[in-house]
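The values are calculated or read from the model by the stated rules, or taken from the named source; none is laboratory data. Everything numeric here is computed off the predicted structure, so don't read it as measured data. Here Cβ is always computed from backbone atoms with ideal geometry, including for glycine, and neighbour counts include all displayed protein chains. Only protein heavy atoms, including side chains, enter the accessible area calculation; ligands, DNA and RNA are left aside. Shrake-Rupley method; radii C 1.70, N 1.55, O 1.52, S 1.80 Å.
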Amino acid sequence: MHTVSRLIVVVLFEGVDLLDVTGPPEVFSLARRETDEAADYDVVLAAETMDPVTTGAGVRVLPDVTFDELSARSIDTLIVPGAVEMDGRRGVHPRIDPAVVDRVRRLAGRTRRVTSVCVGAHILAAAGLLDGKRATTHWSTAQRLAADHPAVEVDADPIFIREGDVWTGAGISACLDLSLALVADDLGEAVALRVARQLVMYLKRPSGQSQFSVPLEQVSTTRRVEDLRHHILRHLAEPLTVADLAACAHVSDRQLTRIFKNELGTTPHAYIESVRVEAARRQLESTDATLERVASTCGFGTVDTLVRAFRRRLDTTPTEYRRRFRTGASAPGQAAPPGSVGVRRRRPRGSGGRRLR
């Protein structure tokens, strides 16, 4: 393999998320190791000055270069991490420094490809780099991104999106998926696979893979809706109609539909399907149950209905999903691929919402 020198610049600023900064360099470092240095990635951390930068985790990071020192250099990949602030109600808000936005805009003009990690998409959008493009960010700030930048087509579901030479990633750990995709784009899937195995993670979660756990997508604010959610989970294998749920909540059908729209932002039918898909995902990841069994216990009734729901919600099939994300033993009738590593994707816990990923 011929050596190709690529300058990778990670933008540093006060309060930046630590894993956003450290995750991608680890991937590029492993790519060099797995190719005996043929993948000549030169990763540098750039900031306004050479003073230590304090990350959101409180860990201080030393820059390698200043932004001004990069003014005469051609950049292969610009990585823009994010930073968040919490309000008094534990709401998450992106931190956007106009000086950083200006630096990113100028650096992007000398860069082959630009990427953002997590809420770093807000910085790219503020710099005008996402106008007319489809982009993703962390689910908690996606509505804010869409509201602030109507010229951007925001899709909060995928873990990363590529639009030409601009890549955007979702939650924090998705920086690894995004970085693996960059390595695959540069050096091919085989190299990215070797890196993924060293990281003990699958290659690769497809860019369309959902970034969140469906039943925890919205946090309800009333006891009545929480009771309905638990009722749905307890009776998932049974037919669940609007009339059934309305009777359970002691409201009319029309009022039930209004409650779901106001509290969960969806319809009863769509919410039930999302919960069933999530339950099926867990079974496909962790059990050897047949598709017929999964369809039955999750309330789909038939395999065809299960398949249609997976295509609609996840843009894949149950069989393909199991092949990618199966943990432990292989699915029935299948041998584990040589050298494969079985790991469980981390899931949010509890009913209070989703963790940054």
task: Take every Cα pair under 8 Å in the range 34-176 that's 6+ residues apart, average their separations, divide by the length, and report that relative contact order as a whole percent.
output: 18 percent
- prompt: Just for the range 8-76, what percent of DSSP beta bridges are antiparallel, to the closest 5?
  reply: 25 percent
query: For a paramagnetic label modelled at 7 Å from the Cα of ALA249 toward its Cβ, which residues of the range 275-310 fall within the zone defined by backbone nitrogen distances under 18 Å?
result: 275-276
- line: Ignoring ligands and nucleic acids, THR35 exposes an accessible area, probe 1.4 Å, in Å² to the nearest 10, of 20 Å²
statement: Out of PRO94, SER116, THR55 - ranked by how far each Cα lies towards the positive end of the dipole of the range 22-128, with unit charges on the beta-carbon of charged residues - the top one is PRO94
- request: Averaging sequence separations of C-alpha pairs under 8 Å and six or more residues apart, then dividing by the length of the range 45-95, give the relative contact order as a whole percent.
  value: 26 percent
query: If R0 is 30 Å, what FRET efficiency do you get for VAL59 and ASP227 from their C-beta distance, rounded to 0.05?
result: 0.10
query: Label-point separation (nm) for VAL92 and LEU18, each offset 7 Å from Cα along Cα-to-Cβ?
result: 1.7 nm
- request: Just the number, please: Stokes-Einstein D of the range 43-151 in µm²/s, Kirkwood Rh from C-alpha pairs, 10 °C, 1.306 mPa s.
  value: 108 µm²/s
query: Can you list the residues, at least 5 places off or on another chain, whose amide H is less than 5 Å from the amide H of VAL154, using H built in the peptide plane?
result: ALA135
